[in-house]
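This report concerns only the one structure given below.
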Amino acid sequence: MHNYQANMITNFWNKKLLIVLLYVGFVLNSFAQLSEDDLKPILLEDYTAEYNIGVQLQIYQDYYRQETLEHVAANGTFKANTKKAGNEGNSGAKIWCRFKLKAADAGLWYLELGNPLLSDIELHAIGSNGSVKRIDYSAYKAFSERHLANNLFFFPLDFEANEEKTIYISLVATYPLDFPLSIMQAETIIEKNHKLDVFHGIFFGFIIVMALYNFFLYFSVKEELYLYYVFCIVGMGLMIAHFTGYAFNFLWPFFPTMNQWPAIMPCIGITFAFLFTTKFLQLSKNMPKLDKILKMMLAILLLSIPLNLVHVLGVFESPLPIIIAAIIIQLIAVILDVTLFIAGLTMYRRGFSPAKYFLLAWSSLLIGALIYVFLNLGILEPSFFTKFALEMGVGIEITFLSFALADRINVYKREKAQAQNDAFAALQENERLIVEQNKMLEEKVTERTRELDARNNELTETINELKETQQKLVESEKMASLGTLVAGIAHEINTPVGIGVTAASGFIDKTESLAGKLKADTMSKKDLMEYLNFMYKSSKLVLSNLQRTAELVKSFKQVSVDQSVEEKRTFALGSYLKDIVNTIAPKFKGQEVDFKFDCPDNIMLHSYPGAFAQIITNFMVNSSLHAFEESNAGTIILTGRLTENEVILSYSDNGKGMSKEITERIFDPFFTTNKQHGTGLGMHIVYNLVTQKLMGTIELISSPGNGVTFTISLPKSEVIEQH
């Protein structure tokens, strides 16, 4: 039993060793150098056949791209090709391949090289008699130099009966170097190309129709996604046209320089597909991290263009830059395809229904792209399916993306309809709330108006005059401000009316006293003079305050800046300012406030004195209520001066000042820091009077603890004379 197990182990290792030896022998045989004598000629005897030359090829790689035909024929280490078509991937070398042909009868045969992107081709046909025929082609030469006007390369070869030719072909490519070779006669070429042209004609016709159709849809529905889809279609179509050689054949046959930029078309196609996909799936919103990663990959893809430029400029003798560019394009294309497929699958799982068509579209493109890349890398053998897998994948992708786009638009419509319904419901609810609030507001306004009517019967006439102003305020502000406005009016009028009442009471007391002396026959001339003097001053005081009351009533009509309320008249600025201050001074009763003037009496203005009175009154009332409410003492300085271009009026106090937040809003309507002492309209009225009625400007400088300074600049055109 032990010997049996030992024999089993020995046989196992003998088999393993045999397999290893066979493998090593196969590898060594693959590296064995072949001579030209090892070539077996391909017999050309069927005029209707297409002879594939892939397995009869011997291939040699010239990594320095400098060897001549003579050196290669004598010293080249050719290896047998084991594939149906030559394919050396991204080697970057100059590829030499050789094979033999023998024609049974005399005739003209065409050798087809099925890679339209080869940048440099040289064919040497060596006849049995030693004659050498040389033909060179290149994608960098004008299309008109080709023997056949075809997107592929064709080499004409003349044969005598039973003549044998040895063919040497050198190839250089900027893309992965695959070179399917076949030989046939003209009739077979026509038949074969007819089928290929019909296939590609249908494909490109489909591309053009889909692009135009969706382009017109974009202008019809104004949906930006359609425009991205058109760019995606055009980009894919240009990329396929470039890969198949039809772009050079029909789009730029006279500009072969375009073929020196092989990185541009793939970058355009992949970039447009990427932009459409990210827009369609809204990756920036739904998958922001993946969106950033994809944008980084796209940036890496676009690096292939500067690498292409380095190759075109010949900065390096080595083809390494363009090889790296080709590898970047292939790798990024595959990675992007897989990543975007995963993104579509994720969105479908999240309930985004159009993603199902997107997955079908991207699956077809992914399969086609993988087959195309694997074919270029030599992993897959060429066949009708593998050669046209990319075109078929793109066609299917565009079809399903069209379905996905239509489904996406339907989703948009449903979402838009739902949003409109929600907005309409919200609008109805808002209207209901507005009606209720208006009703409540009207009730409050009515109640407040009744209270004000009962409380201010003596001001009925004034209220009637202010109804017009009230109506204008209602149009721009809430109706609730009416009560506050009327309360402010009562507050402003109370001071001059109170002074008048006090003076009238003094009239009665003095008159009763004088009448008593007269009745008692004790009245002297001195008593009469004192009485008359008192009556004169008191009458003047009553008259002044009654006039001030009238001006206050008129000034409140300036909320809407009605410039036609008061007419202009000529007055002395300095003396008028003193009158204003003397009139308002009783407002500071109980406060130790020092008033200082610095305004010459020789400045005569033809303007609106009531406006000046209202401005200074508002300044002084604010100083009394706000500036000196804590210290109860201070100084007010009022200055006026005439410059070369304007009249400058300055009002300042050394009160508690204002914060930055208050100074920024001080001229806003209904803004107040103390709702118990004002309506919030005073400074707004001042601003309107200065800027609209007096056509001047007003500036405020203030900070906490440093008082306030108002500077009013008026046009000099208001000045009549200066003594």
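Among (1) in contact (Cβ under 8 Å) with a residue 24 or more places away in the chain; (2) out of contact with any Pro (no Cβ under 8 Å at 6 or more places or on another chain), there is one condition LYS292 misses while meeting the rest; what is its number?
Tallying (1) in contact (Cβ under 8 Å) with a residue 24 or more places away in the chain; (2) out of contact with any Pro (no Cβ under 8 Å at 6 or more places or on another chain), LYS292 fails exactly one: (1).
Please enumerate the residues belonging to the stretch 261-274 that are assigned to a helix (DSSP H, G or I) and within 20 Å of GLY368 (Cβ to Cβ). I'd like the intermediate steps shown before the answer.
Filtering the stretch 261-274 for residues assigned to a helix (DSSP H, G or I) gives 264-274.
Within the stretch 261-274, MET265, PRO266, CYS267, ILE268, GLY269, ILE270, THR271, PHE272, ALA273, PHE274 qualify.
All but one of (1) surrounded by fewer than 18 Cβ atoms within 10 Å (Cβ to Cβ); (2) modelled with pLDDT of 85 or more hold for LEU313; state the number of the condition that does not hold.
In the conditions (1) surrounded by fewer than 18 Cβ atoms within 10 Å (Cβ to Cβ); (2) modelled with pLDDT of 85 or more, LEU313 misses (2) alone.
Any residue in the stretch 522-548 that's in contact (Cβ under 8 Å) with a residue 60 or more places away in the chain: show its pairings with residues that are of a type in the set (S, T, N, Q) and crowded, with 16+ Cβ neighbours inside 10 Å at Cβ separation under 8 Å, as long as the two are six or more apart or on different chains.
Taking only residues 6 or more apart or on different chains, the pairs are ARG548/THR583.
Give the stretch 177-215 a look and list any residue that's assigned to a strand (DSSP E or B) and either within 25 Å of GLU67 (Cα to Cα) or out of contact with any helix residue (DSSP H, G or I) (no Cβ under 8 Å at 6 or more places or on another chain) (or both), or say none.
LEU177, ASP178, PHE179, LEU181, SER182, ILE183
Taking only the stretch 316-340 into account, find how many residues are surrounded by fewer than 17 Cβ atoms within 10 Å (Cβ to Cβ) and touching a residue at least 60 places away in the same chain (Cβ under 8 Å).
Total satisfying the criteria: 3.
For the stretch 585-614, give me each residue that is of a type in the set (Val, Ile, Thr) and within 17 Å of ILE712 (Cβ to Cβ).
Listed by number, the list holds a single entry, ILE603.
Would you kindly identify the strands (runs of 3 or more DSSP E) lying entirely within the stretch 676-723 that contain at least 1 residues that are out of contact with any His (no Cβ under 9 Å at 6 or more places or on another chain) and modelled with pLDDT of 90 or more? Steps first, please.
Working: elements: 697-702, 708-715, 719-722.
Because the criterion is at least 1 residues that are out of contact with any His (no Cβ under 9 Å at 6 or more places or on another chain) and modelled with pLDDT of 90 or more, the strands (runs of 3 or more DSSP E) in the stretch 676-723 that meet it are 697-702, 708-715.
If you go through the stretch 180-188 one residue at a time, do you hit one that is hydrophobic (A, V, I, L, M, F, W, C) and surrounded by fewer than 20 Cβ atoms within 10 Å (Cβ to Cβ)?
Let us first name the residues in the stretch 180-188 that are hydrophobic (A, V, I, L, M, F, W, C), namely 181, 183-184, 186.
Applying the additional criterion that residues be surrounded by fewer than 20 Cβ atoms within 10 Å (Cβ to Cβ) yields 186.
Within the stretch 180-188, one or more residues are hydrophobic (A, V, I, L, M, F, W, C) and surrounded by fewer than 20 Cβ atoms within 10 Å (Cβ to Cβ).
List the strands (runs of 3 or more DSSP E) inside the stretch 64-176, counting only whole elements, that have at least 3 residues being outside the structural domain of VAL198 (by TED's automatic domain parsing) and within 29 Å of GLU317 (Cβ to Cβ). Break it down into steps so the answer makes sense when it comes.
Values: elements: 86-89, 94-103, 107-113, 118-127, 132-137, 153-159, 164-173.
The strands (runs of 3 or more DSSP E) meeting that bar are 86-89, 94-103, 118-127, 132-137, 164-173.
Filter the stretch 396-413 down to the residues that are among the small types (Gly, Ala, Ser) and either crowded, with 21+ Cβ neighbours inside 10 Å or modelled with pLDDT under 80 (or both) and list them by number.
Answer for the stretch 396-413, where residues must be among the small types (Gly, Ala, Ser) and either crowded, with 21+ Cβ neighbours inside 10 Å or modelled with pLDDT under 80 (or both): ALA404, ALA406.
Determine, yes or no, whether ALA426 is assigned by TED's automatic domain parsing to the domain that holds ASP337 and of a type in the set (Gly, Ala, Ser).
No; evaluated as a whole, the condition is false for this residue.
Go through ARG665, ARG641 for me and flag whichever is of a type in the set (Lys, Arg) and within 21 Å of ALA572 (Cα to Cα).
On inspection, the qualifying residue turns out to be ARG641.
Take the residues in the stretch 341-355 that are touching a residue at least 40 places away in the same chain (Cβ under 8 Å) and touching a helix residue (DSSP H, G or I) at 6+ places or on another chain (Cβ under 8 Å); name whichever of them is surrounded by the fewest Cβ atoms within 10 Å (Cβ to Cβ).
To start, the set of residues in the stretch 341-355 that are touching a residue at least 40 places away in the same chain (Cβ under 8 Å) comprises 343-344, 346-347, 350, 352-355.
If we keep only those that are touching a helix residue (DSSP H, G or I) at 6+ places or on another chain (Cβ under 8 Å) as well, we get 343-344, 347, 350, 352-355.
Details: ALA343: 23, GLY344: 25, MET347: 22, ARG350: 10, PHE352: 19, SER353: 13, PRO354: 23, ALA355: 23.
If we take residues in the stretch 341-355 being touching a residue at least 40 places away in the same chain (Cβ under 8 Å) and touching a helix residue (DSSP H, G or I) at 6+ places or on another chain (Cβ under 8 Å), then ARG350 is surrounded by the fewest Cβ atoms within 10 Å (Cβ to Cβ).
Restricting to the stretch 133-162, count the residues that are buried (at least 18 other Cβ atoms within 10 Å of the Cβ) and modelled with pLDDT under 80.
Of the residues in that region, 1 qualify.
Which residue is surrounded by the most Cβ atoms within 10 Å (Cβ to Cβ), if the candidates are limited to the stretch 218-260 and must be within 31 Å of the chain's Cα centre (by Cα) and part of a loop (DSSP other than H, G, I, E, B)? Show your work before the answer.
Initial filter on the stretch 218-260 (within 31 Å of the chain's Cα centre (by Cα)): 218-239.
Pick out the ones that are also part of a loop (DSSP other than H, G, I, E, B) and you get 222-223.
On the way: LYS222: 9, GLU223: 16.
Restricting to residues being within 31 Å of the chain's Cα centre (by Cα) and part of a loop (DSSP other than H, G, I, E, B), the top hit is GLU223.
Consider THR386 carefully, then state whether it is closer than 30 Å to VAL230 by Cβ and of a type in the set (Ser, Thr, Tyr).
On the way: closer than 30 Å to VAL230 by Cβ: yes; of a type in the set (Ser, Thr, Tyr): yes.
In short, yes.
What is the one condition in (1) among the aliphatic types (A, V, I, L, M); (2) under 28 Å from ILE189 (Cβ atoms); (3) modelled with pLDDT under 75 that ALA32 does not satisfy?
The one condition ALA32 does not meet is (2).
Within the stretch 68-117, can you find the residues that are surrounded by fewer than 20 Cβ atoms within 10 Å (Cβ to Cβ) and aliphatic (A, V, I, L, M)?
Answer for the stretch 68-117, where residues must be surrounded by fewer than 20 Cβ atoms within 10 Å (Cβ to Cβ) and aliphatic (A, V, I, L, M): LEU69, VAL72, ALA73, ALA74, ALA80, ALA93, ALA104, ALA106, LEU108, LEU117.
Yes/no matrix, rows are residues, columns are (1) within 46 Å of the chain's Cα centre (by Cα); (2) under 24 Å from ASP594 (Cβ atoms); (3) surrounded by 16 or more Cβ atoms within 10 Å (Cβ to Cβ); (4) in contact (Cβ under 8 Å) with a residue 24 or more places away in the chain:
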{"position": "VAL621", "(1), (2), (3), (4)": "no, yes, yes, yes"}
{"position": "ASN645", "(1), (2), (3), (4)": "no, no, no, yes"}
{"position": "SER652", "(1), (2), (3), (4)": "no, yes, yes, yes"}
{"position": "GLU661", "(1), (2), (3), (4)": "yes, no, no, no"}
{"position": "ARG665", "(1), (2), (3), (4)": "yes, no, no, no"}
{"position": "PRO669", "(1), (2), (3), (4)": "yes, no, yes, yes"}
{"position": "LEU681", "(1), (2), (3), (4)": "yes, no, yes, yes"}
{"position": "HIS684", "(1), (2), (3), (4)": "yes, no, yes, yes"}
{"position": "TYR687", "(1), (2), (3), (4)": "yes, no, yes, no"}
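The values are calculated or read from the model by the stated rules, or taken from the named source; none is laboratory data. Fair warning: this is a prediction, and the values are worked out from it, not measured in the lab. A quick note on method: Cβ atoms are made from the backbone with ideal geometry, for glycine too, and the neighbour counts reach across all protein chains shown.
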